[in-house]
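The values are calculated or read from the model by the stated rules, or taken from the named source; none is laboratory data. Quantities reported herein were computed from a predicted structural model and do not represent experimental measurements. Don't worry about glycine lacking a Cβ; one is built from the backbone with ideal geometry, like all the others, and counts go over all protein chains shown. Accessible surface is based on the protein model in full, side chains and every heavy atom, while ligands, DNA and RNA are left aside. Shrake-Rupley method; radii C 1.70, N 1.55, O 1.52, S 1.80 Å.
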Amino acid sequence: MKVAKFGGSSVASATQFRKVADIVSSDVERRIIVVSAPGKRFKEDIKITDILIQLAQAVMEGTACDEIVQAVVKRYAEIAKELELPADEFTAELEKDLRWKMNEYRHDPCHLMDAIKASGEDHNARLMALYLQEIGLEASYVNPREAGIIVTDEPGNAQILPESYEKLYHLRKRRGVLVIPGFFGYSLEGNIVTFPRGGSDITGSIVAAGVKADVYENFTDVDSIYCVNPSIVENPRQLKEITYREMRELSYSGFSVFHDEALEPVYKAGIPVCVKNTNNPAAPGTWIVAKRNHHDEPIAGIASDTGFCSINISKYLMNREIGFGRRLLQILEDEGISYEHTPSGIDNMSVILRENQLEGGKEQRILDRIQTELEVDEVHIEHGLALIMVVGEGMERTVGMAAKATAALAKANINLEMINQGSSEVSMMFGVKEEVVADAVRALYEVYFQEASVGNEV
Ligand SMILES: Nc1ncnc2c1ncn2[C@@H]1O[C@H](COP(=O)(O)OP(=O)(O)O)[C@@H](O)[C@H]1O
Ligand SMILES: N[C@@H](CC(=O)OP(=O)(O)O)C(=O)O
């Protein structure tokens, strides 16, 4: 049995719906499909999820909603009409449901946002089920509550509860093709709660693990996972295989093609993932698996992301002060801030974090507390950093990997703000200024993927 997830770009229009139907009909093993809300049809287009977020914000602020509701209705009406489905009936139901949610959750902003956001996937799954029935397939829409997707009550940040998996297993007994909306589940309190953005990948993975699928197929708009983001390097190398560990590091660090939190359920259940292209299903795609042969290709990929900052602290004899690190991190914890890395030396320590966490006066409060409570010699924040992760299972056993990177960056005249190899055996982190990140990734791509030898294995 296969579980196939179709991302927003794969279900953005009637043309895309037809491609999905062809893919589903071409393999009887594709018994469960998970769909996202309609995504972008072209570069400047707007995703339904983003329109729904605007709608929820308008309800909260008490500003005009009608135009936004109509924009949502219009997108679905266009798809339904072109597929010759009863569009008026469908959109009337959709509008009724949206308006009910707008009213029902008016005084509960968090759950309002999630209920409205989730409706993008919910209506698309209903529409997909209708279309599959129309073309003669035995297909049915399955609501996540009925499927057994029970999650924590953390709006916009749901996590699956373990009891879900047993319930999901029963889906195996159902006939025909099941169409499940991605991106949300229900809390024990009965609320609709969404996963983080891009979370339909997570639903697909949970369902695949729950039904013990043979494969989790993730259909998107590229032929494969590439070793670098294709918007940075033109036509980069395609990956045939990548391990769960490598993919987790790369997706966390910027490979947006597959959600980093979507790996855990399939990894634990030992289910291989195949990332494929809805627009070119004949292409073999990329397999995410437990092990790969990394002798010829020690590096799997290079990911990058912007929007980081570094709190740099120095204090003479810091190394002698037991508890310094704990007290520093406690200050961040008190402000509800998570951090990415903590490179340190004998008398200095840096904490790297996403800078959007420092809004609302937090930055000054943190600096003041570090200065007064930890009595440091110096503390300052460096903004506008980008992090680059070089990831590969073969890295540990290959000599000279870091040297290659630093030489390549020096040759490209790029100043390295920091390096962190940490305890991870599969990754190396480089910090650079945001303005030079694309050049840095290109320089690293050249040295790791275009030169004949990457390093010597030990
Ligand atoms: N390393 C990578 N390999 C492939 N695609 C990548 C990579 N890094 C970023 N992407 C981007 O991820 C996109 C697919 O993810 P996403 O837009 O979330 O698709 P979907 O609509 O299927 O959910 C690609 O179009 C590509 O621009
Ligand atoms: N529609 C949701 C969930 C999702 O996974 O979408 P996509 O498959 O388009 O990344 C979002 O935009 O976040």
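Structure data summary
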| item | result |
| --- | --- |
| Lone qualifier among Ala14, Ala4 - being aliphatic (A, V, I, L, M), within 15 Å of ligand 1 (Cβ to nearest atom) and in contact with an Asp or Glu (Cβ under 7 Å, 6 or more places away or on another chain) | Ala4 |
| Failed criterion for Pro144 (all others in (1) open to solvent by less than 10 Å² (accessible area, probe 1.4 Å); (2) within 22 Å of Ala115 (Cα to Cα); (3) within 16 Å of ligand 1 (Cβ to nearest atom) hold) | (3) |
| Ala80 being touching a residue at least 40 places away in the same chain (Cβ under 8 Å) and open to solvent by less than 20 Å² (accessible area, probe 1.4 Å) | yes |
| Answer residue from region 259-274, given it is closer than 24 Å to Glu425 by Cβ and either touching a strand residue (DSSP E or B) at 6+ places or on another chain (Cβ under 6 Å) or acidic (Asp, Glu) (or both) and is most open to solvent (accessible area, probe 1.4 Å) among those | Glu264 |
| Selection within region 298-320 - open to solvent by less than 80 Å² (accessible area, probe 1.4 Å) and among the charged types (D, E, K, R) | Asp305, Lys315 |
| Filter result (of a type in the set (Lys, Arg) and within 16 Å of ligand 2 (Cβ to nearest atom)) within region 254-296 | Lys276 |
| Qualifying residue in region 96-106 (condition: open to solvent by 10 Å² or more (accessible area, probe 1.4 Å), of a type outside the set (Phe, Trp, Tyr) and within 15 Å of ligand 2 (Cβ to nearest atom)) | no |
| Out of Ala37, Ala21, sole residue that is of a type outside the set (D, E, K, R) and within 12 Å of ligand 1 (Cβ to nearest atom) | Ala37 |
| Criterion violated by Asp50 - all others in (1) farther than 20 Å from Thr278 by Cα; (2) within 16 Å of ligand 1 (Cβ to nearest atom); (3) open to solvent by 70 Å² or more (accessible area, probe 1.4 Å) satisfied | (3) |
| Unique residue being under 24 Å from the mean Cα position of the chain (by Cα), open to solvent by less than 30 Å² (accessible area, probe 1.4 Å) and either modelled with pLDDT under 95 or charged (D, E, K, R) (or both) when the list is Asp221, Asp214, Asp201 | Asp201 |
| Glu417 being touching a Gly at 6+ places or on another chain (Cβ under 9 Å), modelled with pLDDT of 95 or more and not assigned by TED's automatic domain parsing to the domain that holds Leu239 | no |
| Region 8-44, residues that are surrounded by fewer than 24 Cβ atoms within 10 Å (Cβ to Cβ), in contact (Cβ under 8 Å) with a residue 40 or more places away in the chain and near ligand 2 (Cβ under 9 Å from one of its atoms) | Ser9 |
| Residues being more than 14 Å from ligand 1 (Cβ to nearest atom), under 19 Å from Glu425 (Cβ atoms) and assigned to a loop (DSSP other than H, G, I, E, B) - total across region 277-303 | 9 |
| Meets criteria (within 16 Å of ligand 2 (Cβ to nearest atom), of a type in the set (A, V, I, L, M), open to solvent by 10 Å² or more (accessible area, probe 1.4 Å) and part of a helix (DSSP H, G or I)) for Met128 | no |
| Yes/no for Gly136 being modelled with pLDDT under 95, away from ligand 1 (no atom under 16 Å from the Cβ), on the phi > 0 side of the Ramachandran plot and out of contact with any His (no Cβ under 6 Å at 6 or more places or on another chain) | no |
| Residue, most open to solvent (accessible area, probe 1.4 Å), within region 325-344, restricted to residues that are under 22 Å from the mean Cα position of the chain (by Cα) and without any contact (Cβ under 8 Å) to a residue 24 or more places away in the chain | Tyr339 |
